[in-house]
Ligand SMILES: N[C@@H](CCC(=O)N[C@@H](CS)C(=O)NCC(=O)O)C(=O)O
């Protein structure tokens, strides 16, 4: 297990786009951390205990003094404790945070869309992703309980045909917005410089853009299983931009949960 001088541990799910937003922020800012990828269901108790907010969501950043749940709050903490960060420039902070908020708001829709198009069609693949970082007993439990866990996910994320359709509309609206922003030829969303706005948008849309560098969404198997669902957006300028941001700025995953020898490359 990798120790970090900073004493930061980031609790994530490999698949979580909000987790990727923070992981990328830490990697890009050269802030040392250790990443612990959790297993769905088994994350709940630790998340409740660490977050102390009655919420089970990840990411959670455990610092030597406190644990911070919720990705915008983690960025606040990083500004306070590691600022100024070049991706969170004080003079353009409001513009960056507005875009962050805008795309955080469609995170649940992206997850809903992803699971609506995977449950019942790519269950083996979902199960593999859920158990990639599990212990043997956890994996055995999830395999057995998968139908019940899937049912729980459907309920929690309100995965119905109607809500999946609404998710599609809301994602499309933000993709249209991004296309409009990029129409004047700009490369970065705020002040012509790479920022947490670009990271948030690219991370939150990664499940749809499938950038090659992403340890889950860059998997050819995942891209193939979602090919029909994401076809309407695949070649949109906005999604090409996401892949371009990954090409240019994603860099190394330094938390230790993913390496060049990761599951994906071993598979
Ligand atoms: N607003 C939260 C949303 C995080 C979130 O929804 N995380 C999902 C994974 S992408 C999660 O932890 N789901 C499991 C759960 O709610 O128990 C943030 O920005 O951190």
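A short reminder: the numbers here are calculations on the coordinates, not readings from a lab. Since the structure is predicted, the reported quantities are computational estimates derived from the model, not experimental observations. When we count neighbours, we look across all protein chains shown, and the Cβ atoms used for this are built from the backbone with ideal geometry, even at glycine.
How much length is gained on full extension from residue 125 to residue 221, taking 0.36 nm per residue of separation minus their Cα-Cα distance?
Between residue 125 and residue 221, full extension yields 33.7 nm more.
Could you please state, rounded to a whole Å, how far the C-alpha centre of the range 7-31 is from the C-alpha centre of the range 148-227?
A separation of 17 Å, based on Cα centres.
Taking 0.36 nm per residue of sequence separation and subtracting the Cα-Cα distance, how much length would be gained by fully extending the chain between residue 30 and residue 184, in nm to one decimal? Mind dumping the intermediate values first?
Values: separation 154, 0.36 × 154 = 55.44 nm, distance 3.16 nm.
Taking 0.36 nm per residue and subtracting the Cα distance, the gain is 52.3 nm.
What spacing in nm lies between the two simple spin-label points modelled at residue 144 and residue 98, each 7 Å away from Cα in the Cβ direction?
5.3
According to the square roots a ≥ b ≥ c of the eigenvalues of the Cα gyration tensor, what is the shape class of the range 158-228, taking rounded for a/c under 1.5, prolate for a/b larger than b/c otherwise, and oblate for the remainder?
Values: a/c = 2.34, a/b = 1.35, b/c = 1.74.
Note, shape of the range 158-228 comes out oblate.
Report the far tail of the P(r) of the chain, meaning the percent of Cα-Cα pairs longer than 31 Å. Mind dumping the intermediate values first?
Working: 7777 of 35511 pairs.
Distances greater than 31 Å cover 22 percent of the Cα pairs.
Taking only DSSP H segments of four or more residues, each worth -39500 (n - 2.57), what value at 222 nm results for the chain once the sum is divided by all its residues, to the nearest 500 deg cm²/dmol?
Working: 12 runs with 148 residues, N = 267.
About -17500 deg cm²/dmol.
Report the residues of the range 160-179 in range of a label on residue 55: point 7 Å along Cα→C-beta, backbone N strictly under 16 Å from it.
Taking a point 7 Å out along Cα→Cβ of residue 55, no residue of the range 160-179 has its backbone N under 16 Å.
If I take R0 = 25 Å and measure r between the Cβ atoms of residue 228 and residue 82 in this structure, what FRET efficiency does the formula 1/(1 + (r/R0)^6) give, to the nearest 0.05?
Details: r = 42 Å, r/R0 = 1.68.
That pair, residue 228 with residue 82, gives E of 0.05.
When only Cα pairs under 8 Å and 6 or more residues apart are kept, what is the percent relative contact order across the chain? Kindly include the intermediate steps, with their values, before the conclusion.
Numbers: 336 pairs, mean separation 66.1, N = 267.
Worked out over the chain, it gives 25 percent.
For the pair residue 192/residue 158, report the inter-label distance in nm, with labels modelled 7 Å from Cα in the Cβ direction.
Between residue 192 and residue 158, the label points sit 4.2 nm apart.
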